[in-house]
1. Please return the ranges of strands (runs of 3 or more DSSP E) entirely within region C:1-115 where 3 or more residues are surrounded by 21 or more Cβ atoms within 10 Å (Cβ to Cβ) and on the phi < 0 side of the Ramachandran plot.
2. Got a sec? Which of B:89, B:93 is within 14 Å of chain C (Cβ to nearest Cβ), in contact with a helix residue (DSSP H, G or I) (Cβ under 7 Å, 6 or more places away or on another chain) and under 22 Å from residue C:85 (Cα atoms)?
3. Restricting attention to region B:195-216, report how many residues are assigned to a helix (DSSP H, G or I) and either within 14 Å of chain C (Cβ to nearest Cβ) or over 15 Å from residue B:143 (Cβ atoms) (or both).
4. Which one is nearest to the other protein chains (Cβ to nearest Cβ) among residues in region B:1-45 that are farther than 21 Å from residue B:69 by Cα and in contact with a helix residue (DSSP H, G or I) (Cβ under 7 Å, 6 or more places away or on another chain)?
5. When region C:138-163 is examined, which residues are found to be farther than 25 Å from residue C:35 by Cβ, away from chain B (no Cβ under 12 Å) and buried (at least 20 other Cβ atoms within 10 Å of the Cβ)?
6. Evaluate region C:171-181: report whether one residue or more is touching a helix residue (DSSP H, G or I) at 6+ places or on another chain (Cβ under 7 Å) and free of Cβ contacts under 8 Å to residues at least 40 places away in the same chain.
7. Listed residues C:224, C:187, C:238; which is surrounded by fewer than 16 Cβ atoms within 10 Å (Cβ to Cβ), more than 24 Å from residue C:21 (Cα to Cα) and either without any contact (Cβ under 8 Å) to a residue 40 or more places away in the chain or more than 22 Å from the chain's Cα centre (by Cα) (or both)?
8. Kindly indicate the residue of region A:1-53 that is within 24 Å of residue C:30 (Cβ to Cβ) and not in a helix (DSSP H, G or I) and also modelled with the lowest pLDDT among those meeting that condition.
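The values are calculated or read from the model by the stated rules, or taken from the named source; none is laboratory data. Here the structure is a predicted model, which is why all the values come from computation and not from measurement. Note that we place each Cβ from the backbone using ideal geometry, even for glycine, and neighbour counts take in every protein chain shown.
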């Protein structure tokens, strides 16, 4: 977890932020398949959050099949977790981020051509 | 059962105020006896040494419910256990006080009297007529009486601050002040004290003290139930 | 397992508990919140069998609780509890005399961890230390249900932190049910597993602490859009200023939009919104 994501934001429920942190770490490869992730007490101590909140985040991730329980040791990353998360994130990107981005550009009168140019430039940076 | 003796033990240990008051009075008396009788050789009547010890059961009956109750509960004692754990403490106190008084009465008082030309020490064993049937009976008569005193003090302390406490206080005052001037009522009062103290049959006196004591002690259950910690 | 069924407790004309019902069947740490006089202490005293209910029944592990049937499994610590003026080591031994399940070595160990000097007499301890001693006596009592009434009153922030760390540590993995009442929400918000909020002798909320994180939030923005967005949701309080409005919600989360922002509500703000209604009503409603 990088420093900037570790600071909790106010807008979202804490458990969702914890979920995102763990997801980011799985996507970035910090946690590989079948590797153990941070434990609930560790989360609550590190982020100074209520253990039930951390438990809730772990619960949601387990239900979604992102992590699974390794008997006697803790929670581990499911083999297909990274693929699944990438798929989800991509879907979200196309369904939410892109339309929002385009909408905002339209609002401040940036034309389509300009937008494409800007995107190309920022990718090359 | 085990907690009952445990609580009794703590009650006996934590009656320091009562011990201190009785101790101070006792040693003051010892001092004054030595000065007046042994050194100055003054004649005259006085209370025997042991009499001051008799205050102990009374004081314990006041201090245990007043001071130990909430502290015992804060240690994890339950109300019913408190009820069970006071009587053994009173019984132990009555036992040892009676024993000490008996020793003083039989061993020390004669020594003090030997300094006076005429016997003039008032000991409750003599005053109450407990000595009539021998030392063993005297012991039990005093023990039963002291236990009754503890029980009455215990329950009266517990009821203070509740409506039936005020009622009990008022009744006692009324009985003493109204009964005394009116002859037939006075007779009843005399009969009552005669039975619990002076009765010619030791068994009657002992039993009436024990039964009355038990009844009064059990009446203390109601205020224990309602008492604030 | 603790159960209150329709419990009412009157002190003269005052009603401290008003037809109160609750069922606590999971062990763990419970945070009991309420304003002064809301009935927190009464709830604990009823459960400990220190006062009798005027109406209704309280059962602990299936057995009715009352002054002459104080539940064996409950240990209650009142605020500013007095103890015999003994050395702590002797005090723990005395506790073992009156309560056979009391664990003296465990108490001594806890006292060391709390940095309490076992050779000191109770009266010579500071206010905070006394509260620590009372908590140690509770934790070593061997009883399953511990009721701590304002245990951190008068503690400095460091002591509070140590206190809750030790409390949650000794609760973890045990089957103890610990109910803690307090006005200082900071630490307990991060420690307790479940939350009970009472107000004027009534239960207002009983939930998992995680639910506050999930469901308690604040919507701020242009009045009409906030009103539209939160219509039908459980609104716990509302503040207006100019054309803008803030609503505190306890319900399903909604997404933020351009016209209003959505942010989490801490337990303190949530609690104030929930039980402070009367004071707000003048301006807000």
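1. By residue number, C:2-11, C:14-24, C:28-33, C:74-77.
2. Details: B:93 fails: within 14 Å of chain C (Cβ to nearest Cβ).
It is B:89.
3. 5
4. B:22
5. If the condition is that a residue be farther than 25 Å from residue C:35 by Cβ, away from chain B (no Cβ under 12 Å) and buried (at least 20 other Cβ atoms within 10 Å of the Cβ), then C:144 is the only one that fits.
6. no
7. Numbers: C:187 fails: surrounded by fewer than 16 Cβ atoms within 10 Å (Cβ to Cβ); C:238 fails: surrounded by fewer than 16 Cβ atoms within 10 Å (Cβ to Cβ).
That would be C:224, the only listed residue that is surrounded by fewer than 16 Cβ atoms within 10 Å (Cβ to Cβ), more than 24 Å from residue C:21 (Cα to Cα) and either without any contact (Cβ under 8 Å) to a residue 40 or more places away in the chain or more than 22 Å from the chain's Cα centre (by Cα) (or both).
8. Here the residue is A:48.
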